[in-house]
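Working notes, structure below.
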Amino acid sequence: MINKAIQAYQMGQSFWYDNIQKKLLDNGDLAGMVERGEIYGVTSNPSIFHNAIGKTSDYDEKLIPLAKEGKTAEEIYEALAIRDIQRASDIFFDVYQKSSKVDGYVSLEVNPDLANDTAGTIADAERFWNLVNRPNLMIKIPATKAGLPAVRKVISMGINVNVTLIFSVERYQAVMDAYLAGLEDRLEAGKSINGISSVASFFVSRIDSKIDKLLSQATDQEIAEKLKGKIAIASAKKAYQIFTQIFEGKRFLNLFEKKVMVQRPLWASTSTKDPAYPDVLYIDSLIGPLSVNTIPPATLTAFLDHGAVSPELMINVDQNLEYLSQLKDIGIDLDKATDELEEEGVAAFSKAYHALLDTIETRRLEAIG
């Protein structure tokens with residue numbers, strides 16, 4: 001019997017692994033997951049690299065010589081991260097080719113301190129693209145107001161982009177517009193858009209974590225209790241509905257003739273934060289065609305064991321839109337909450353990045369005596 005990840009893939013959804021570390025590359029575990037059809041790509045972020053590099057001794061063999069060469073903590077981090085990304089990209093290259101460049105991508109994030117710096121983000125994206133030098137790399141750029149013009153420019157440069165930290169449907173629409181505008185800019189410059197790829201990472205579980213707290217304080221507790229654990233999935237289903245409209249519309253179809261791909265929605269932050277909810281809630285509920293779910297290790301293991309494969313993204317959409325209306329009716333401002341989530345997400349990645357650099361700096365100083 002084929003595993004559940006392959007079943008989801010046959011329905012049009014690709015599972016990507018929200019994790020990377022040297023140990024998985026060394027012991028063959030990552031390659032084994034690819035061979036079994038459990039994953040079709042990898043995502044990384046500063047928190048993941050903090051856990052991989054900062055909280056293990058796995059990288060000391062490479063870290064210590066770099067320190068003795070006089071590299072800074074940031075240069076050491078980049079060298080270690082880029083090597084992992086290159087190795088993972090090579091493992092997924094066959095998937096990339098066989099899927100006609102739809103899957104097989106490995107994502108690397110720009111410096112999180114540049115989230116509100118358009119020019120800096122563009123420069124960092126181009127720099128990492130050239131350093132990694134793999135066609136199946138995706139550069140992660142946050143969907144901040146400063147990030148949107150960076151996405152447009154980087155796409156126009158022919159660089160694959162994973163647009164991250166999307167929390168609202170309105171911002172998601174702006175992300176899709178930035179992708180299409182970047183392709184149009186590239187065409188206008190007389191360059192090919194064939195093979196350029198992008199995903200839009202819509203963060204899910206954190207929405208419920210934020211909204212559920214507000215629901216606990218709502219005046220109308222009868223309605224509030226019914227909405228708990230519902231708003232994240234409802235937001236994702238609304239986003240998916242708009243995705244379908246835009247990528248079936250005239251603007252995209254004009255580009256599609258030039259052999260460009262849709263910018264698939266990628267469901268991120270899909271581990272269940274509230275133990276009262278099923279551990280695979282944000283996997284079971286978000287399966288549908290032309291989509292991606294990036295899944296952390298424990299959640300993937302749980303889904304392969306007891307997940308349910310059904311095209312839930314297209315089911316009960318009207319009911320889910322009603323949940324969003326009811327949320328507004330009881331006085332909870334979803335837009336305000338998602339703005340806060342974006343700020344918190346940017347701050348969390350920056351904090352993890354600096355914690356990692358601090359750890360590397362400590363080891364660097366130990367190495368040079």
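Here are the numbers:
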item	result
Exclusive hit being over 25 Å from F202 (Cα atoms) and either part of a helix (DSSP H, G or I) or modelled with pLDDT under 95 (or both), set L357, L341, L327	L357
Number of positions in the stretch 200-223 that are surrounded by 21 or more Cβ atoms within 10 Å (Cβ to Cβ) and either more than 18 Å from T338 (Cβ to Cβ) or among the β-branched types (V, I, T) (or both)	3
Residue pairs meeting the criteria (Cβ under 7 Å; at least 6 apart or on separate chains; first within 23 Å of N254 (Cα to Cα) and without any contact (Cβ under 8 Å) to a residue 40 or more places away in the chain, in the stretch 161-181; second part of a helix (DSSP H, G or I) and charged (D, E, K, R))	A178/R152; A181/R152
Out of A352, A348, A308, sole residue that is touching a His at 6+ places or on another chain (Cβ under 7 Å) and of a type in the set (A, V, I, L, M, F, W, C)	A352
Scan of the stretch 275-287 for residues that are closer than 19 Å to Y40 by Cβ, more than 17 Å from the chain's Cα centre (by Cα) and either of a type in the set (K, R) or part of a loop (DSSP other than H, G, I, E, B) (or both), ordered by number	V280
Residue that is under 16 Å from Y353 (Cα atoms) and surrounded by fewer than 20 Cβ atoms within 10 Å (Cβ to Cβ), where the choices are E74, E126, E109	E74
Matching residues in the stretch 228-274 - criterion: being under 19 Å from S197 (Cα atoms), in contact (Cβ under 8 Å) with a residue 40 or more places away in the chain and part of a loop (DSSP other than H, G, I, E, B)	K258, K259, V260, M261, Q263
Neighbours by Cβ (under 8 Å, 6+ apart or cross-chain): first from the stretch 319-335, more than 12 Å from L227 (Cα to Cα) and in contact (Cβ under 8 Å) with a residue 24 or more places away in the chain; second of a type in the set (S, T, Y) and part of a helix (DSSP H, G or I)	L334/S235
Residue match in the stretch 183-197 (condition: charged (D, E, K, R) and within 19 Å of the chain's Cα centre (by Cα))	no
Single unsatisfied condition, L114 versus (1) in contact (Cβ under 8 Å) with a residue 60 or more places away in the chain; (2) in contact with a helix residue (DSSP H, G or I) (Cβ under 6 Å, 6 or more places away or on another chain)	(1)
Residue ID - surrounded by the fewest Cβ atoms within 10 Å (Cβ to Cβ), chosen from residues in the stretch 27-54 that are of a type in the set (D, E, K, R) and touching a residue at least 24 places away in the same chain (Cβ under 8 Å)	R36
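The values are calculated or read from the model by the stated rules, or taken from the named source; none is laboratory data. Computed from a predicted model, the values in this text were never measured in an experiment. So basically every Cβ, Gly included, is an ideal-geometry build from the backbone, and we count neighbours across all protein chains shown.
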